[in-house]
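The values are calculated or read from the model by the stated rules, or taken from the named source; none is laboratory data. The shown structure was predicted, so the numbers you read here are calculated from the model rather than taken from an experiment. Note that we place each Cβ from the backbone using ideal geometry, even for glycine, and neighbour counts take in every protein chain shown.
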Amino acid sequence: MSTRIALLSDVHGNLEALDAVRKAIKREKPDVVAIAGDLVMNGPEPGATIEAIRVMEGEGAIVVQGNTDIAVADGDYAAAFPWLPEGVPDATRAIAEWAHDALDDDQLAWLRRLPAERRIRIGESLVLVTHASPGSQTAGFDRDLDPSTTLERLSRTDARVIGCGHTHIPEVREFGYQVIVNAGSCGYSFDGEATASWALVTFDGDAVTAEIRRTEYDVLVVSNAISSRGLPGDVYRAATVRTGKLVR
């Protein structure tokens, strides 16, 4: 009997995209749903997005925390963006503070309580759900990463499958026994396709297969909502949602 895991990541406050992916996932009827962090920052509906994810959690979904969740919940920018040693841009602070203020105390407490990682046992196989890579919410599996660095990051876990996001670029990569399944971004895609990305992982005995799925949603509604907010950087965030490419 096969077991299937639906993996999504990097919702970034895009409720429109999340709702579309939830419907697509329900049609697939997976055994497990996992959400790999970066839940609220950038998009127009952080509070409603958290409430939708909490409903999914109540239905059994596994949820972990991403680096931007740290920025929103606690304003610890050095922890959230360690690759910016000179400090984060004002536009990044502005959107993190806006999202923080949009959440109530209970939502912020929930965001803080999320674990950095979760593990799932599927038969004899272990699945690690993490935002970026094993042991890190900020060091991801970028495509242009040196192969030795990729292998070093993989060596931090015995998991057969590492389910992650962070790069906003969906892909499946096999390294012998281990498989990296990067779900890309549900709500803030960078790969040039303005759709919501997620992944479906299937365990069938010792065999593991994974495929990237794309789900359409109304990107113009979301990009217009971001533009009308008027925060520093919103013109670029709106263009990113509209085009599926990082614009800055």
For the stretch 228-244, which residues satisfy the criterion of being touching a residue at least 24 places away in the same chain (Cβ under 8 Å) and in contact with a strand residue (DSSP E or B) (Cβ under 9 Å, 6 or more places away or on another chain)? Gly244
Any helices (runs of 4 or more DSSP H) falling wholly within the stretch 8-125 and containing at least 1 residues that are at pLDDT 95 or above, surrounded by fewer than 20 Cβ atoms within 10 Å (Cβ to Cβ) and basic (Lys, Arg): 15-28, 46-58, 90-102, 105-113
I'd like to verify a number: residues in the stretch 80-111 that are touching a residue at least 40 places away in the same chain (Cβ under 8 Å) and over 12 Å from Ile50 (Cα atoms), how many? 12
Residue list for the stretch 151-181, restricted to those being small (Gly, Ala, Ser) and closer than 20 Å to Val63 by Cα: Ala159, Gly163, Gly165
In the stretch 189-219, the residues that are within 15 Å of the chain's Cα centre (by Cα) and within 16 Å of Val172 (Cβ to Cβ): Asp191, Ser197, Trp198, Ala199, Leu200, Ile212, Arg213, Arg214
From the options Arg143, Arg153, residue that is under 25 Å from Leu84 (Cβ atoms) and part of a helix (DSSP H, G or I): Arg153
Mind listing whichever residues of the stretch 214-233 are under 19 Å from Ala20 (Cα atoms), touching a Ser or Thr at 6+ places or on another chain (Cβ under 9 Å) and not hydrophobic (A, V, I, L, M, F, W, C)? Arg214, Thr215, Glu216, Tyr217, Ser223
Return the only residue of Gly205, Gly187, Gly192, Gly176 being out of contact with any Cys (no Cβ under 6 Å at 6 or more places or on another chain) and closer than 14 Å to Asp10 by Cβ. Gly187
Out of Ala183, Ala109, Ala116, which single residue is under 20 Å from Asp74 (Cβ atoms) and under 14 Å from the mean Cα position of the chain (by Cα)? Ala116
Looking only at residues that are surrounded by 15 or more Cβ atoms within 10 Å (Cβ to Cβ) and without any contact (Cβ under 8 Å) to a residue 24 or more places away in the chain in the stretch 127-155, which one is nearest to Val208 (Cα to Cα)? Arg153
Within the bounds of the stretch 35-47, is there any residue that is in contact with a Leu (Cβ under 8 Å, 6 or more places away or on another chain), over 13 Å from Cys186 (Cβ atoms) and small (Gly, Ala, Ser)? yes
Please specify each residue of the stretch 176-192 satisfying the condition of being surrounded by fewer than 24 Cβ atoms within 10 Å (Cβ to Cβ) and either touching a residue at least 24 places away in the same chain (Cβ under 8 Å) or charged (D, E, K, R) (or both). Gln178, Val179, Ile180, Phe190, Asp191, Gly192
Of the residues in the stretch 221-234, those that are surrounded by 12 or more Cβ atoms within 10 Å (Cβ to Cβ), not β-branched (Val, Ile, Thr) and not in a loop (DSSP other than H, G, I, E, B) number 6
Of the residues in the stretch 193-213 that are more than 24 Å from Ala20 (Cβ to Cβ) and acidic (Asp, Glu), the one that is surrounded by the fewest Cβ atoms within 10 Å (Cβ to Cβ) is Asp206
